[in-house]
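For reference, the structure is listed below as structure tokens.
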Number of protein chains: 2
Amino acid sequence: MASITDTELDEIYAFAIQLGKDAGKMLMDAATSRFGAGGNSGQEFSEKDNAVDIVTQTDEGKTREKSSPSRAASRVSFQLAPGVSHCRSRSSLLDVEAFIHRSISSRYPDHKFVGEESYSKGTSREYLIDDTAPTWCVDPLDGTVNYAHLFPTFCVSIAFLVGGRPVIGVIQAPFMNQLFTACKGRGAWLNETTPLPLIREPIPPMPAAAPKGCVFCCEWGKDRRDIPDGNMHRKVESFMNMAAEVGGRNGKGGMVHGMRSLGSATLGLAYTAMGGVDIWWEGGCWEWDVAAGFAILLEAGGLVTTANAPKDPSNTEIPDAHLGGRLYLAIRPAGPSSSETGRQGQERVVREVWRRVRELDYTRPGV
Amino acid sequence: MASITDTELDEIYAFAIQLGKDAGKMLMDAATSRFGAGGNSGQEFSEKDNAVDIVTQTDEGKTREKSSPSRAASRVSFQLAPGVSHCRSRSSLLDVEAFIHRSISSRYPDHKFVGEESYSKGTSREYLIDDTAPTWCVDPLDGTVNYAHLFPTFCVSIAFLVGGRPVIGVIQAPFMNQLFTACKGRGAWLNETTPLPLIREPIPPMPAAAPKGCVFCCEWGKDRRDIPDGNMHRKVESFMNMAAEVGGRNGKGGMVHGMRSLGSATLGLAYTAMGGVDIWWEGGCWEWDVAAGFAILLEAGGLVTTANAPKDPSNTEIPDAHLGGRLYLAIRPAGPSSSETGRQGQERVVREVWRRVRELDYTRPGV
């Protein structure tokens, strides 16, 4: 835990939870301020890479200075792709972004802050998290497309890292009244009172014929290039393998119980911690999209490894996922069966997934 | 409105809302009774068609007699596919099923009741709704796979039909505290106080380049046979067309803003009524899976037509969906733009979807 004492961690955890609640409320207030507000707000909107991506102005080639959160925040606006229901509450969203950064900076001036806005568009996205200082990794709005359309699965996502590892995670999804929290050694929780995973006395083992019997989260993401063997094609081929009947797809058919797409990485990981998702597989997102989800899932007893199978998938030791690796495979918490430990069951499922998914092509400078 | 007066309809609406709330609470109580309850409840579980389908005993070749709901309910149990987290709350779920049927039968003994349990497994699933009597079309638990895994998107779905058309819809998703209600002429509502669609002053037009800019609901369903040109392959080809970059897929690329899968048809329709989903396209479900969603979406100003394109998709009049047709394409409520009415925008999007989706192969006796 580096230089953080248990007492300090408790205090930081309480602070992070309150921050998530407050920011979630502001986000929902900004959302509800749009209820009844229609399509012509007079704002200007711009597209980034494509129609999937909704950007803030700080993405547009500007780097936020950590030392000046309020000035930086004044440059942030919420922009929607053309044709999307517009958002009148620019000031409210500005407030959420600035509020989180300012709250952390004033309470913990020595802590580092990393988020999407820490990176410049078009330049190298080197991994900025290291083990030198306690670090906050924050996405004030995960599931931006959802928020733009008022699809319920958007959230505030706040992680606190020590030694480069997420030890606190807070995810507040205000449209659904779902608050997920975890701190290393303190358990993982839904709405502060219900421990995760939900079913836990005992925690069910992984299904014996997994992926059959599993809920599988399949996110389409924003790389929609129609390139033969490109990421979209590889993803869809993988989805098909997981979905198809047992015996189908040249023996790769996984016959999963359900295919679900939420459009929020961190929330998908929280649902995996809860046990509602058994298998979450995704490539292309960034550390702020997953850090809080990592903390919650790991504390609940889940496993996170890489989306891409290693060279010897049947026998190689299961590596821990790299937070900045952009390739993730998460398995829900699992209890023992009569023939294997919970961890053995999770690892069995990892190998069964690896056998069915294509290698995704997402890279990261320095990782 | 046949023989139902406005006053009677108001009364039935209020009754339906309370019924949805009560049943939703019972469903959530049954769910929370599983929190902490693990994998070995001593119950026996069976599979139906495949690992996706979770069945009640009434599906197993038995037809429930309408006149004896409590006796029939005593045969209903909640069964999960092997390996799925089991459910200890058999009696609670029995109660939900019986409660809804009994409540309706005792309050409105002359009304007809249609639900999944009205049909026998393996025999002809003729469409049982007609215009002779006011009819309730109910799914006490929609999103059964979600419920089994405690994935949040499960709900109670209650529709009331007059003259064969849904005029009242009540959907209660208790895990997310979402209650959707509508009655013909009384508006559509989220949690009774927020009118649908959420953004409504004015209601945004359909995106000019739709499906680009749209959230698209793509449900994988349970037909997972790996048959060349079978439903799964046709669905996935359609999903790919909707997702791919503009210009891709031989000109069919739709570049939708987001691809979402909820695992509940009626809730997907409610989200479309809300505006969170722009396009909902699905085949294979049944009238109890969509009737309440139909009522809510139509009252909110949405459009529901058939999933399969007619012979002349560019010019043919857009037909209303047949409630029992098992093929559905829903478009969110839309306001006018400078160049078209809301309805014209919806119809434009219908034709754009038809151009990109494959014909699905689901049939229905007598429809």
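The values are calculated or read from the model by the stated rules, or taken from the named source; none is laboratory data. None of the values given here were measured: they were computed from a predicted structure. Because the Cβ atoms are built from the backbone with ideal geometry, glycine has one as well, and the counts that use them run over all protein chains shown.
Data table
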read-out	value
Filter pass, residue B:168 being touching a residue at least 40 places away in the same chain (Cβ under 8 Å) and in contact with a Cys (Cβ under 7 Å, 6 or more places away or on another chain)	yes
Any pair with Cβ under 7 angstrom, 6 or more apart, that starts in region B:1-27 at a residue that is in contact (Cβ under 8 Å) with a residue 40 or more places away in the chain and among the aromatic types (Phe, Trp, Tyr) and ends at one that is part of a helix (DSSP H, G or I) and surrounded by fewer than 14 Cβ atoms within 10 Å (Cβ to Cβ)	B:15/B:107
Of all residues making up region B:250-266, the number that are over 19 Å from the mean Cα position of the chain (by Cα) and crowded, with 20+ Cβ neighbours inside 10 Å	6
Conditions (1) out of contact with any Cys (no Cβ under 8 Å at 6 or more places or on another chain); (2) at negative phi: number failed by residue B:301	(2)
Qualifying residue in region A:250-260 (condition: small (Gly, Ala, Ser), at the interface with chain B (Cβ under 10 Å from one of its Cβ atoms) and more than 25 Å from residue B:214 (Cα to Cα))	yes
Filtered residue count, region A:212-232, keeping only those that are in contact (Cβ under 8 Å) with a residue 24 or more places away in the chain and either more than 7 Å from chain B (Cβ to nearest Cβ) or charged (D, E, K, R) (or both)	12
Selection from region B:213-230 of residues that are buried (at least 17 other Cβ atoms within 10 Å of the Cβ) and in contact with a helix residue (DSSP H, G or I) (Cβ under 9 Å, 6 or more places away or on another chain)	B:214, B:215, B:216, B:217, B:218, B:219, B:220, B:221, B:222, B:223, B:224, B:226
Residues within region B:336-356 that are part of a loop (DSSP other than H, G, I, E, B) and of a type outside the set (Lys, Arg), tallied	6
Checklist (1) among the basic types (Lys, Arg); (2) at pLDDT 90 or above; (3) within 30 Å of residue A:204 (Cβ to Cβ) applied to residue B:112, failing item	(3)
Counted residues, region A:186-199 - those being part of a loop (DSSP other than H, G, I, E, B), surrounded by fewer than 24 Cβ atoms within 10 Å (Cβ to Cβ) and touching a residue at least 60 places away in the same chain (Cβ under 8 Å)	3
Per-region count, region B:233-248, residues surrounded by fewer than 18 Cβ atoms within 10 Å (Cβ to Cβ) and either facing chain A (nearest Cβ under 9 Å) or not in a helix (DSSP H, G or I) (or both)	3
Out of B:152, B:205, B:197, sole residue that is out of contact with any Leu (no Cβ under 8 Å at 6 or more places or on another chain) and closer than 21 Å to residue A:271 by Cβ	B:152
Residue in region A:154-164 that is more than 8 Å from chain B (Cβ to nearest Cβ) and surrounded by fewer than 19 Cβ atoms within 10 Å (Cβ to Cβ) present	yes
Count of region A:171-185 residues which are part of a strand (DSSP E or B), among the small types (Gly, Ala, Ser) and away from chain B (no Cβ under 14 Å)	1
Qualifying strands (runs of 3 or more DSSP E) (wholly inside region B:271-335; at least 3 residues being in contact (Cβ under 8 Å) with a residue 40 or more places away in the chain)	B:279-283, B:327-331
Subset of region A:194-210 [under 22 Å from the mean Cα position of the chain (by Cα) and more than 7 Å from every other protein chain (Cβ to nearest Cβ)]	A:195, A:196, A:197
